[in-house]
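Everything on this sheet refers to the single structure shown next.
The values are calculated or read from the model by the stated rules, or taken from the named source; none is laboratory data. The shown structure was predicted, so the numbers you read here are calculated from the model rather than taken from an experiment. Note that each Cβ is placed from the backbone with ideal geometry, even for glycine, and that neighbours are counted across all protein chains shown.
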Amino acid sequence: MPRSTREARVTWEGNVARSVGLISGSSGAFAELPFTLATRITPRASEGKTTPEELLAAAHAGCYAMSLAGELTSTGTPPERLEVAATCVLDEVEGKGHRVVRMELTARGNVPGADAEAFAAAAKAADDGCPFSALARDAGAEVAIDAALAG
């Protein structure tokens with residue numbers, strides 16, 4: 001795959017406690033997604049706003065799903081359907097402030113011709129090849145994968 005670059009922009013006005021930021025992607029796929037400090041520290045009070053951690057989780061899930069589809073296809077068992085959920089865990093680390101400490105991925109696949117062992121091997125290889133898993137680990141975060149065939 002050739003080198004690829006993507007851009008996003010944020011507008012933030014005012015202090016951190018009482019303001020709203022707006023995140024937009026240069027592709028036009030998303031524009032002015034609002035986020036606030038309150039939505040970052042109180043997950044149940046999102047009020048339709050996102051967080052950088054939610055966007056990171058979405059990016060990681062998308063990257064891993066593509067990696068897993070590639071691994072399964074390369075072994076002759078292309079998936080009919082993959083469902084990947086990701087959770088980004090932000091926590092305070094003593095002496096370092098807030099850090100992403102863990103990324104949790106749950107993958108379920110409908111993969112004709114694959115057995116549990118083959119799916120597990122593809123899931124491991126997909127994690128090894130996923131740039132977002134590597135990014136998280138290189139930053140000191142744990143990456144946990146729970147992958148199984150659906151049903």
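Some notes on this structure:
- Qualifying residues in region 106-116 (those that are surrounded by 20 or more Cβ atoms within 10 Å (Cβ to Cβ) and among the hydrophobic types (A, V, I, L, M, F, W, C)) - the one nearest to the chain's Cα centre (by Cα): 107
- Any hit, region 53-74, residues being more than 30 Å from residue 7 (Cβ to Cβ) and either outside any loop (DSSP other than H, G, I, E, B) or not acidic (Asp, Glu) (or both): yes
- Annotation note: Cβ proximity below 6 Å between a residue of region 129-149 that is surrounded by fewer than 17 Cβ atoms within 10 Å (Cβ to Cβ) and a residue that is hydroxyl-bearing (Ser, Thr, Tyr) and modelled with pLDDT of 95 or more (sequence gap 6+ or interchain) occurs for 129/67; 146/106.
- When residues of region 3-34 are limited to those that are of a type in the set (Ser, Thr, Tyr) and within 20 Å of residue 46 (Cα to Cα), the one modelled with the lowest pLDDT: 19
- Region 86-106 residues that are assigned by TED's automatic domain parsing to the domain that holds residue 64, paired with ones that are modelled with pLDDT of 95 or more and among the aromatic types (Phe, Trp, Tyr) (beta carbon under 6 Å, 6 or more apart): 105/64
Per-residue answers, yes or no, for (1) assigned to a strand (DSSP E or B); (2) closer than 18 Å to residue 147 by Cβ:
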| residue | (1), (2) |
| --- | --- |
| 85 | yes, yes |
| 92 | yes, no |
| 98 | yes, no |
| 102 | yes, yes |
| 106 | yes, yes |
| 109 | yes, yes |
| 114 | no, yes |
| 125 | no, yes |
| 128 | no, yes |
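- Within region 108-131, considering residues that are of a type in the set (A, V, I, L, M, F, W, C) and in contact with a Phe, Trp or Tyr (Cβ under 7 Å, 6 or more places away or on another chain), the one farthest from residue 81 (Cα to Cα): 130
- Identity of the residue in region 76-105, buried (at least 16 other Cβ atoms within 10 Å of the Cβ) and either at pLDDT below 95 or farther than 12 Å from residue 133 by Cα (or both), that ends up farthest from the chain's Cα centre (by Cα): 77
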